[in-house]
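Peer 1: I'd like to ask some things about the structure below.
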Amino acid sequence: MSHTATNLPGPPPQGDHVRIAFLGPFGTFTEQAAWQIAPSSAELLPMTSAPAAMDAVRQGNADRAVVPIENSIEGGVNATLDSLSRGVPLVIVAEMLVSVVFQLAVKPGTRPEDIRRIGTHPHAWAQCRTWLEATFPGVIHVPTTSTAAGAELLATEDATFDAALCNATSVERYQLVALHKDVADNPGAVTRFVLVSRPGAIPPATGADKTTIQVALPFNESGALLTLLEQFSVRGVDLSRIESRPSGDGLGNYTFSIDIVGHISEERVQAALVGLHRFSPDVRFMGSYPRVDGVRANILRGTSDEDFRCGRAWVKDILHGGDGLHVDPRSAPDWPLA
């Protein structure tokens, strides 16, 4: 079967066009994120949850998935983090940012005093809770699978709520009316989305990259987390995000979801990961990919690729009977000295 070439990182599509699963229905912020990177020929497949979108990739029913992973107000999206860290491996190959602006949507003719229950995704409710409860005292939150799902349901006769918190696209798509615009407790909220694929060729390093991993502490004792973090600090590797997640195998057992500032092809990142794997073999690599904000890593003195190569060449020279005073970095073995 012939494949249509795309600029999307990751394995080629299985058919003649790329299929991208996303947290649906149509009209979500996730759809907006998907179109930031999807080619015009892509087929977007709405799913009921972020894990369902990723499972579509695992099962071969989609070539990619776009899912939310982090919000500037609420932090990590647990459903995405947990699904990425379990089951058949998937990797992040790109990230996107979407400004989150909510509207309070109602059916035509609905009055403010009619609103008793509001349907929306829990993350959206958390970002607007204070404003909603002040504007509609005693209002009840009805959770929905996404903000657009709330708007879609509100437009039907089966809705169990009186209003939906969603984006402007959903208001228009489902022929609702915006009773309030720019609803938020913290204006300027941003959600980070990721493009996920099956493992394959890693996007090349750009100098402004992230590497995402999940790691478990090998034992629970004083200083264990410090030892884990030292694997990064002693090699000059910065972290942009670290969150604990329940491991699922017992109360009090946690893993850590980590975003590393850097690419796995960089010497300092490789050295940190080698040291981390020695300390805790329970590590899952979840992708190296360009940062959407373009912020480049701050390379500390002694942690550049050249510094690591020089160090290995010095050791190699001594092991071969040299004095270590005159070494050629090009003779260094191509493995990190952790």
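The values are calculated or read from the model by the stated rules, or taken from the named source; none is laboratory data. Everything numeric in this text was worked out from a predicted model, so none of it was measured. Glycine also receives a Cβ, built like all others from the backbone with ideal geometry; neighbour counts cover every protein chain displayed. Accessible surface areas use protein heavy atoms only, side chains included; no ligands, DNA or RNA. Shrake-Rupley method; radii C 1.70, N 1.55, O 1.52, S 1.80 Å.
Peer 1: On a 1.4 Å probe surface of the protein chains, which of Ser40, Ser247, Ser257 comes out largest in accessible area, and what is the full order?
Peer 2: So the residues, ranked largest to smallest area, are Ser40, Ser247, Ser257.
Peer 1: Sort 75-83, 269-277 for me by packing, meaning the mean count of neighbouring Cβ atoms within 10 Å per residue, highest on top.
Peer 2: Averaged packing, sorted descending, gives the order 269-277, 75-83.
Peer 1: Still on this model: Starting at the first residue of the range 102-109, write each ³J(HN,Hα) from the Karplus equation 6.51 cos²θ - 1.76 cosθ + 1.60 with θ = phi - 60°, in whole Hz, x for Gly and Pro.
Peer 2: 9, 10, 9, 9, 9, 6, x, x
Peer 1: How large is Rg over Rh for the range 12-102, taking Rg from the Cα atoms and Rh as the Kirkwood inverse mean of 1/r across Cα pairs?
Peer 2: 0.94
Peer 1: Now for a different question. What's the magnitude of the charge dipole for the range 15-145 around its Cα centre, counting Lys and Arg as +1 and Asp and Glu as -1 at the beta-carbon? Answer in Debye, nearest 20.
Peer 2: Here the range 15-145 has a charge dipole of around 300 debye.
Peer 1: Kindly write out, for the range 131-137 in residue order, the coupling ³J(HN,Hα) from the Karplus curve 6.51 cos²θ - 1.76 cosθ + 1.60 (θ = phi - 60°), rounded to whole Hz, with x marking Gly and Pro.
Peer 2: After applying 6.51 cos²θ - 1.76 cosθ + 1.60, I find 5, 5, 6, 6, 7, 10, x Hz.
Peer 1: Another question about this same structure. Can you compute the radius of gyration and Dmax for the range 22-180, using only the Cα atoms, both in Å?
Peer 2: Cα only, the range 22-180: 16.1, 49 Å (Rg, Dmax).
Peer 1: Sticking with this structure for a sec: Cα atoms only: what Rg and Dmax, in Å, come out for the chain?
Peer 2: 23.6, 88
Peer 1: Can you compute the charge dipole magnitude of the chain about its Cα centre, using +1 on each Lys and Arg Cβ and -1 on each Asp and Glu Cβ, nothing else charged? Give it in debye, rounded to the nearest 20.
Peer 2: 140
Peer 1: Here is a further query. Just to confirm a number: summing +1 for Lys and Arg and -1 for Asp and Glu over residues other than Ala155 whose beta-carbon lies under 12 angstrom from that of Ala155, what do you get?
Peer 2: Result for the neighbourhood of Ala155: -2.
Peer 1: Okay, next question. By how many degrees, 0 to 90 and rounded to 10, does the Cα axis of helix 224-233 deviate from the longest principal axis of the chain?
Peer 2: For helix 224-233, the angle is close to 70 degrees.
Peer 1: Can you list residues whose amide H is under 5 Å from Met286's amide H, if they're 5+ apart or on another chain and H is modeled 1.01 Å from N?
Peer 2: Placed amide hydrogens put Thr212, Ile213, Gln214 under 5 Å from Met286.
Peer 1: Which order do Val101, Val91 take by accessible area at a 1.4 Å probe, largest first?
Peer 2: Listed by decreasing accessible area, they come as Val101, Val91.
Peer 1: Sticking with this one: What are the extents of the Cα atoms of the range 229-338 along their three principal axes, listed from largest to smallest and rounded to whole Å?
Peer 2: Result, largest extent first: 54, 34, 19 Å.
Peer 1: Can you give me the three principal axis dimensions of the range 157-206 from its C-alpha atoms, in Å, biggest first?
Peer 2: The principal-axis extents, from largest down, are 47, 29, 18 Å.
Peer 1: Okay, moving on. Applying the Karplus parametrisation 6.51 cos²θ - 1.76 cosθ + 1.60 with θ = phi - 60° to the phi angles of the range 262-268, what ³J(HN,Hα) value in whole Hz is obtained for each residue in order, glycine and proline being reported as x?
Peer 2: Working through the residues one at a time gives x, 10, 5, 6, 7, 4, 5 Hz.
Peer 1: Long-range amide H contacts for Leu45: which residues qualify at under 5 Å (H placed 1.01 Å from N, peptide plane, sequence gap of 5 or more or a different chain)?
Peer 2: For Leu45, the qualifying residues are Ile20, Ala21, Phe22.
Peer 1: Which residues' amide hydrogens lie under 5 Å from the amide hydrogen of Asp209, considering only partners 5 or more residues apart or on another chain, with H built in the peptide plane?
Peer 2: The answer is Gly262, Arg291, Ala297.
Peer 1: Here is a follow-up. Pick out, from Pro218, Phe279, Gly262, the residue whose Cα sits farthest towards the positive end of the charge dipole of the range 177-305, with +1 on the Cβ of Lys and Arg and -1 on the Cβ of Asp and Glu.
Peer 2: Gly262
Peer 1: Once Lys and Arg get +1 and Asp and Glu get -1 on their Cβ, which of Ala148, Ala159, Phe136 lies farthest toward the positive end of the dipole of the range 115-172?
Peer 2: Phe136
Peer 1: Right, something else. Could you please state how large a percent of the accessible area of the chain is carbon and sulfur, counting protein chains only and using a 1.4 Å probe?
Peer 2: 54
Peer 1: Let me ask something else. Of the peptides 170-180, 135-145, how do they stack up when ordered by the mean number of other Cβ atoms within 10 Å, highest first?
Peer 2: 170-180, 135-145
Peer 1: How many Å² of accessible area per residue for the chain, probe 1.4 Å?
Peer 2: 47
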